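Bear in mind these aren't lab numbers, they're just calculated from the coordinates by the rules spelled out. Model, not experiment: these values are computed from the prediction. Every residue, glycine as well, gets a Cβ built from its backbone with ideal geometry; the counts of neighbours run over all protein chains shown.
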């Protein structure tokens, strides 16, 4: 099995299984076209912890816990658990925060962009074009010499901090303590935060995905980056497999349940807006930030599970970014069908638009100035 | 003379990128790459294979030494 997942088929099999499970999670209760969305789910966790107070997006998603712990289990079984940290943590934190803001302007991470497309939401095409553009800019910056500094090996306890944190979140999700008057672990009663599979189902699926992700190195950003940078298609097969199996599973679910799981259009899509420019620009920012940080949100969770403290800082940056995204109304507002039948097109507020511009400026400055030779005296 | 690329501690895609750079610069002979994660090891070996180099992996406790020859 060790050889299998490093082979050409590793990412393809992992992507195929993730696609099927993600589509099934919608059947089991997760929001439409959101069986798995790392950005949305971390945003929901931020809400559950009260880091933002958008009542529609608060739920302690066990999938995220599962992704990290599944990766930890795989890394331990295959002797790949390597505690390491120390590569420009502050830059990685901010890359995480801006990646989250960009993703929430679109309303989804790259995984959800694929799942939205698999459900017929054509707005995802703009997001995927934006993702490719952002990653392309990142590749140009890397060709120009961009690199964050080196990580160094750390004591075991450092590698265990993120898995430990996830066990803590799981305990909060199970026991739902109330810390005082109006101080609970928040859980939405309506909106996407209220739509979720049973805790144990979400956790088990998360563990399986985390295990597969760690073994196969599945990464949506890496798929595009390796293609642009090296002409390498190793990871791309996994991304295509996810899209195909999620689509096929949606067709089977439509056929067996009588409920439509695929509806091809730009309009009236679940938890989505049809503001084309900002779907593109939001994901361009996210794609650039993922590229500069070396992984899509899912990959960062898998890395943090195998002991990578820098990936863990990126994840925490995303969760804090989600807090800002809702506290300052930066996230995209979904399209809304009004009572008179007219459609109110959503998208980010002016503050969200400014945040995307600031994020792009931050990424470009970092990408143009962070060089290995600045710290080591050689390229 | 053996070129040594120290890619320890570097995140994706830099180990693979530095390896490709070194292999193309050397053209033939021996290039050694030091990496300290399994992902970097796999990526660098994939690069070596695509560039037509033979690889030998030596495990050195906390890192892998990839001895690439052509």
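List of remarks:
- For peptides A:356-369, B:12-25, sequence by mean Cβ density within 10 Å, most packed first: B:12-25, A:356-369
- For the pair segment A:29-102 and segment A:115-156, the centres of their Cα atoms are 16 angstrom apart.
- Three-way shape call for segment A:111-201 based on the alpha-carbon gyration tensor, with the a/c threshold at 1.5: oblate
- Comparing A:136, A:102, A:321 in a Gaussian network model of chain A where C-alpha atoms under 10 Å apart are linked, the largest mean-square fluctuation is found at A:136.
- Shielding by partners for peptide B:5-11, expressed as the average number of C-beta atoms from other protein chains within 10 Å of each residue's C-beta, is 6.
- Averaged over the residues of peptide A:141-153, the number of Cβ atoms from other protein chains lying within 10 Å of each residue's Cβ is 3.
- Reciprocal mean inverse distance between Cα atoms of the protein assembly as shown - Kirkwood radius, Å: 21.9
- The helix-only estimate of mean residue ellipticity at 222 nm for the protein assembly as shown, built from DSSP H runs of length n ≥ 4 each weighted as -39500 (n - 2.57), is -19500 deg cm²/dmol after division by the residue total.
- Contact order for segment B:3-69, expressed relative to its length and based on alpha carbon pairs under 8 Å spaced 6+ residues apart, stands at 35 percent.
- For the residues of B:34-42, the average number of beta carbons from a partner chain within 10 Å of their own beta carbon is 5.
- For segment A:312-379 versus segment A:229-254, the spacing of their alpha-carbon centroids is 26 Å.
- If you take the Cα centroid of chain B and the Cα centroid of segment A:161-216, the two points sit 40 Å apart.
- Prolate/oblate/rounded call for segment A:1-102, Cα gyration tensor, a/c under 1.5 rounded: oblate
- Our summary gives chain A a relative contact order of 35 percent, counting only alpha carbon pairs under 8 angstrom and 6 or more residues apart.
- Mean sequence separation of contacting Cα pairs (under 8 Å, at least six apart), scaled by the length of segment A:77-181, corresponds to a relative contact order of 49 percent.
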